[in-house]
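One structure below.
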Amino acid sequence: MPPNFVKGRQNVSTKNTAKSSEPIRFRTSFTNTIYDVMIGRGWKEAVDIESAWEIHWAEREWVYEVFDTMHLEPQQRINHFRNGRELCRKDLLVKNLKRIKRTLQRDGQIDQARAYEFMPLSFVLPREYAMFVEEFKRSGGIWIMKPIGSAQGRGIFLFSRLSEISEWRTDPRRCFFSDKHENERPPEPEAYIVQRYIENPYLIGGKKFDIRLYVVVTSFSPLVAYLYRGGFARFSHTRYSSDPADIANNFVHLTNVAIQKNAENYDARSGGKMNLKSLKFLMASRHGMQAIDELFLAIERVILRSLLAVQNVMIADKHCFELYGYDILIDDELKPWLIEVNASPSLSANTQDDYNFKCDMLNDTLDIVDLEGNLSGDELSIGGYDLLYRGGMVQRHPHEFAWSTRLGTAIDRSSSTVVRNSQQEEGEIQRRDHNPTSPPTEEKKKLTAAVTRIRRKKNSTS
């Protein structure tokens, strides 16, 4: 952790750290916020390779390589599912989304199938090169190439001519080499996914951005998922342009911090980020709270459907949980697009606010994992996380929160970090759809008042 970041916000948990007198033992190779959070909870690092541990926050590739050779005790937890690539590798996610869409179409559920059209049109190269060329010749436009397993913007580029990707062209000569001439085969190009580029992104200050959100899944069978209310928008540092002359300028088209921090006008103070609550207020001042509430609910549905698309192919294991980083792009028609799902979202911080945010989010993540045994199992909210799905859709009492989703709303840490659902509330939740005119909650009044203030300020300066 950079020395100018102040520790302390990670120590937000004041509840019982463990039912036994022994501290939770953890293992990790990370030295960033997750390490600070676990130490801040009073947990003890298991340094020796033979030391016992209750939780291992591991590298993704280490889990994929080693998991099947391990024997885990009932109390041990690890932060990745063993075949998490099905959701987080770009080509496999596309495959799973296409499969569930075909299944729904075959069953006559056409509207449900259309609801899964939230990723740009995609092909895997070189395997689907011929199909891609057919589509390219039919519609043209700008396309974006991404290595199937990379992160932080590495290897990504845009193109508008087929000659720019000639090395991914399927070469029939490969078929004529026998096994004994294996070493003579032409080298296979690295697998890439090619997607239609979203040329009409929603802009703020003339600049493109995407949104990073966080989801914790504790089980895929049944699916149990929590969505974090907070997040942040990541901005480019150069005004957006669809001019073909700017097609190779990554400072225009890519929002990854790893790329933008090298821009000449990079703002180290903000880290090129805006918190999700501020973004929501700003967009609501332009379009009204109702439209933005519907947008954020649509984002929530995109996340849920992506999880449902892989639910049946994920290997169920009670030892596993996972923190996913979702990247969402909004276009100028307020349609959300899923860009990718990250199995190892960056936990390093580039500003003090970023550090505080990630420490709070990770503390809440570990509260969900609940190694201390503090939860009862009927919680609807834990810290900044809200239960999204537990074997079925989660609906809340309309008097509790009148908007469709809590995504992008305030996280109140002055009260209890856990909100539980009582049996009395369950009956009211079932009647939610029959009471659309419920009175506004205090939270809704505050949001509406804030949006009104922003609009008045905007009008007074225009």
For the range 270-420, the percent of accessible surface on carbon and sulfur atoms (probe 1.4 angstrom, ligands and nucleic acids excluded) is 48 percent
S51: accessible area at probe 1.4 Å, nearest 10 Å²? 40 Å²
Between A191 and D353, 0.36 nm times their residue separation minus their Cα-Cα distance comes to what? 54.6 nm
Run the paramagnetic zone check for W62: 7 angstrom along Cα to Cβ, then residues of the range 333-358 with backbone nitrogen under 18 Å. 343-348
What are the residues whose amide H is under 5 Å from the amide H of K208, where those residues sit 5 or more places off or on another chain and H is modelled from the backbone? S236, Y240
Under a 1.4 angstrom probe, counting protein chains only, how are E134, E54, E322 ranked by accessible area, largest first? E134, E54, E322
Treating only the Cβ of Lys, Arg, Asp and Glu as charged (+1, +1, -1, -1), what charge dipole size does the range 241-379 show about its Cα centre? Round to the nearest 20 debye. 240 debye
Where does the range 253-299 land on Rg/Rh, using Cα atoms and the Kirkwood Rh? 1.11
Karplus-derived 3J(HN,Hα) from phi for the range 267-280 (6.51 cos²θ - 1.76 cosθ + 1.60, θ = phi - 60°), whole Hz, x at Gly and Pro, runs 9, 5, 5, 9, x, x, 10, 10, 5, 5, 5, 5, 4, 5
Determine the alpha carbon to alpha carbon distance for each of K101/K277; K101/K318; K273/K318; K146/K208; K44/K318; K146/K273 and list only those over 26 Å. K101/K277; K101/K318; K273/K318
Estimated dipole of the range 65-168 in Debye, rounded to 20 [Cβ of Lys and Arg +1, of Asp and Glu -1, Cα centre]: 180 debye
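The values are calculated or read from the model by the stated rules, or taken from the named source; none is laboratory data. Keep in mind that what you see is a predicted model, and the values were worked out from it rather than measured. Every residue, glycine as well, gets a Cβ built from its backbone with ideal geometry; the counts of neighbours run over all protein chains shown. Quick note on the areas: whole protein, heavy atoms, side chains included, nothing else; ligands and nucleic acids left out. Shrake-Rupley method; radii C 1.70, N 1.55, O 1.52, S 1.80 Å.
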